[in-house]
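Input: a single structure, listed below in structure tokens.
The values are calculated or read from the model by the stated rules, or taken from the named source; none is laboratory data. Just so it is clear, the model here is predicted, and its values are computed rather than measured. Note: ideal-geometry Cβ built from the backbone for every residue, glycine included; neighbour counts use all protein chains shown. Each accessible area value is taken on the protein alone, full model and side chains, heavy atoms only, with ligands, DNA and RNA left out. Shrake-Rupley method; radii C 1.70, N 1.55, O 1.52, S 1.80 Å.
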Amino acid sequence: IAAAKAEVSEAVEASELERQAMSASTYTGAGVGLLYDARMARHHSLDDEEHPEHPLRIVRVFKALQAEGLVERCVRVPCRPATREELLLTHSAKHVDAMFAVEGLPQEDLGIEQAKYRSVFFCPESMESALLAAGATLEATERVCAGDIERAICVVRPPGHHAEPSCAMGFCMFGNVGVAAAEAQRRGWSKRTLIIDWDVHHGNGTQAMFYEDSAVLFFSVHRYDSGRFFPGGTAGHFSSHGEGEGAGYSVNVPWDWRGADKRGFPPPGDAEYLDVWERVLLPIAEDFKPDLIYISAGFDAAVGDPLGCCKVTPGCYHELTRRLVERICPRIVLVLEGGYNLNSISLSMVAATRAMLGEPMPEPAEGDLPPSTGPAHHFHADLVGKVRAHLAQFWPSLHEPGEIAPAAEVVQIRVPAAALHGTLEEMEKALRDHVDAEHTYEQLRARQQTLLFQLEEMPKAPPHVKEQAGWTALRKSFGEKAPRGPPYLVG
């Protein structure tokens, strides 16, 4: 613990010298900006010196970037604190004022204040760090949108994606990415903003800020575990797709880590994340055509992270980033969120930085895990298929070839195979026998109708039923929505 404190102190001193050197920075319109200020490492827990959201998270990341020679290949951009007016773009005045009040509290009252929130800690330096984290993201956005730099990387803390509009939460005080995205919209720097959150925890705060907004598309891939993984609840389920004008603009891929573990299946890793990119994110992004992308880059789905327990390698993070740069939009602001294994988070950020710079990944060193190139495990791939089926009502590119998009209200309903084959009487009986406490007969029939109309040919009516009687029976069985004409006429 003493060594860690000394390392943080040294980093803060070095950062002061760097700020003086950066004060005269000039921009050429090329390159990748790098924003880092070790003052953000002053934010720490007074109760738990080994808290996972540790000050060394950003210190070690920056050291790793230096060791790989990546810092000198980036354009250093000074960090600045966010203003109250900027924070009010996505947060309530009550919340912003409560956070400013933390700055002046005596140390003995900080514990009382932090107990009002879920998984949040405060210290006398917390507000300084939080303002710098949000301000750095705002500054990176302005520099990218002004054309001073091509892309930007923000090595910041505390993270931001759990902060709700009205309260701090989950190690987060302000929504760093959310505030910056709102400012980009307000200033006219972006007309269509895509936020990609690959942190292992759902970005509930960011989603809430834009849940009814069609100008900001929010995408999150995360552990969900039937709503039992932090932050919990149903907001991270794929059925939470936005409301009003924002319907379809919140996209969630909720991994069932517990379900896989109970069945002896592996956790999500490289193959599964790449599958999500190709089958969900990239098709939607190509339709949306963003002019600005934010990556809420939490690295707690990385191999070795004690909270996420997933298996994403640095090589995969490189590939995820590369595909966004090359295929969707080159204007990207990548912002650190979570990640609690100091080695994993450092290697992962190094990999993502290489992709932002347009550099390939070096060959894995002996003992390093190479990125997985196999197919996604069927358990997780099935979940991705359900996500596609649900979101196809909003994004036609997600339709499978020849597929008719299922109605949103029946997409999760299953009917027995016997209700899809045989005579009308046999199918009717199978359907009624399947009615249970979860689904009514009307819901099952609606789902049966959707499935039958995707079949290549309609099940035949009983031999003794004539054409008109068969049509009457069909209409009686499936209601007034049954189509006329081939291939659905019974003969």
I'd like to know if the range 34-44 contains one or more residues that are surrounded by fewer than 23 Cβ atoms within 10 Å (Cβ to Cβ), in contact with a strand residue (DSSP E or B) (Cβ under 6 Å, 6 or more places away or on another chain) and not in a helix (DSSP H, G or I).
no
May I ask you to list the residues in the range 167-188 that are within 24 Å of HIS51 (Cβ to Cβ), part of a loop (DSSP other than H, G, I, E, B) and in contact with a helix residue (DSSP H, G or I) (Cβ under 9 Å, 6 or more places away or on another chain)?
ALA168, GLY170, MET173, PHE174, GLY175
Suppose we filter the range 325-334 for residues that are within 18 Å of ALA140 (Cα to Cα) and in a helix (DSSP H, G or I); how many remain?
1
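For every residue, the table says whether it meets (1) in contact with a Cys (Cβ under 7 Å, 6 or more places away or on another chain); (2) open to solvent by less than 30 Å² (accessible area, probe 1.4 Å); (3) without any contact (Cβ under 8 Å) to a residue 40 or more places away in the chain.
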| position | (1), (2), (3) |
| --- | --- |
| GLY135 | yes, yes, no |
| ALA140 | yes, yes, no |
| GLY147 | no, no, no |
| PRO158 | yes, yes, no |
| ALA163 | yes, yes, no |
| CYS172 | no, yes, no |
How many residues does the range 115-133 hold that are surrounded by 18 or more Cβ atoms within 10 Å (Cβ to Cβ) and assigned to a helix (DSSP H, G or I)?
7
Per the list (1) part of a helix (DSSP H, G or I); (2) of a type outside the set (Gly, Ala, Ser); (3) open to solvent by 20 Å² or more (accessible area, probe 1.4 Å), residue check on PRO78 breaks on (1)
Any residue at all in the range 59-66 that is assigned to a helix (DSSP H, G or I), polar (S, T, N, Q) and either under 26 Å from PRO124 (Cβ atoms) or at pLDDT 95 or above (or both)?
yes
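Restricting to the range 408-440, and then to whatever is within 20 Å of GLY385 (Cα to Cα) and open to solvent by less than 60 Å² (accessible area, probe 1.4 Å), can you tell me which residue is modelled with the highest pLDDT?
Going through the qualifying residues, I end up with PRO416.
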Can you confirm whether ILE112 is among the β-branched types (Val, Ile, Thr) and open to solvent by 20 Å² or more (accessible area, probe 1.4 Å)?
yes
The range 95-109, residues that are open to solvent by less than 60 Å² (accessible area, probe 1.4 Å) and outside any helix (DSSP H, G or I)
LEU105, PRO106
Of the residues in the range 279-325, those that are within 20 Å of PRO362 (Cα to Cα), of a type outside the set (A, V, I, L, M, F, W, C) and open to solvent by less than 20 Å² (accessible area, probe 1.4 Å) number 5
Just a yes or no: is a residue in the range 85-94 touching a residue at least 40 places away in the same chain (Cβ under 8 Å), surrounded by fewer than 21 Cβ atoms within 10 Å (Cβ to Cβ) and either within 27 Å of MET361 (Cβ to Cβ) or β-branched (Val, Ile, Thr) (or both)?
no
Checklist (1) among the hydrophobic types (A, V, I, L, M, F, W, C); (2) more than 15 Å from the chain's Cα centre (by Cα); (3) closer than 22 Å to PHE229 by Cα applied to VAL251, failing item:
(2)
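Applying the selection to the range 348-367, what residues are of a type outside the set (Gly, Ala, Ser) and either buried (at least 24 other Cβ atoms within 10 Å of the Cβ) or touching a His at 6+ places or on another chain (Cβ under 7 Å) (or both)? Step through it out loud before you land on a result.
If we filter the range 348-367 for residues that are of a type outside the set (Gly, Ala, Ser), which is where we start, we get 349-350, 353-354, 356-357, 359-364, 366.
The answer is MET349, THR353, ARG354, MET356, MET361.
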Hey, does the range 48-61 have a residue that's out of contact with any Asp or Glu (no Cβ under 6 Å at 6 or more places or on another chain), open to solvent by less than 10 Å² (accessible area, probe 1.4 Å) and free of Cβ contacts under 8 Å to residues at least 40 places away in the same chain?
no
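Any idea which of SER226, SER239 is over 21 Å from THR321 (Cα atoms), of a type outside the set (D, E, K, R), open to solvent by 10 Å² or more (accessible area, probe 1.4 Å) and part of a helix (DSSP H, G or I)? Outline the logic, then answer.
Numbers: SER239 fails: part of a helix (DSSP H, G or I).
None of the other options fit; the residue is SER226.
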Number of the condition not met by GLY178 [criteria: (1) within 22 Å of ALA302 (Cα to Cα); (2) open to solvent by less than 10 Å² (accessible area, probe 1.4 Å)]:
(1)
Hey, can you tell me all the residues within the range 223-277 that are basic (Lys, Arg) and touching a residue at least 60 places away in the same chain (Cβ under 8 Å)?
ARG223, ARG263
Tell me which residues, restricted to the range 192-220, are assigned to a loop (DSSP other than H, G, I, E, B) and hydroxyl-bearing (Ser, Thr, Tyr).
TYR211, SER214
I'm trying to understand the selection: among the residues of the range 181-204, which are open to solvent by 10 Å² or more (accessible area, probe 1.4 Å) and under 19 Å from the mean Cα position of the chain (by Cα)?
ALA182, ARG192, HIS201, ASN204
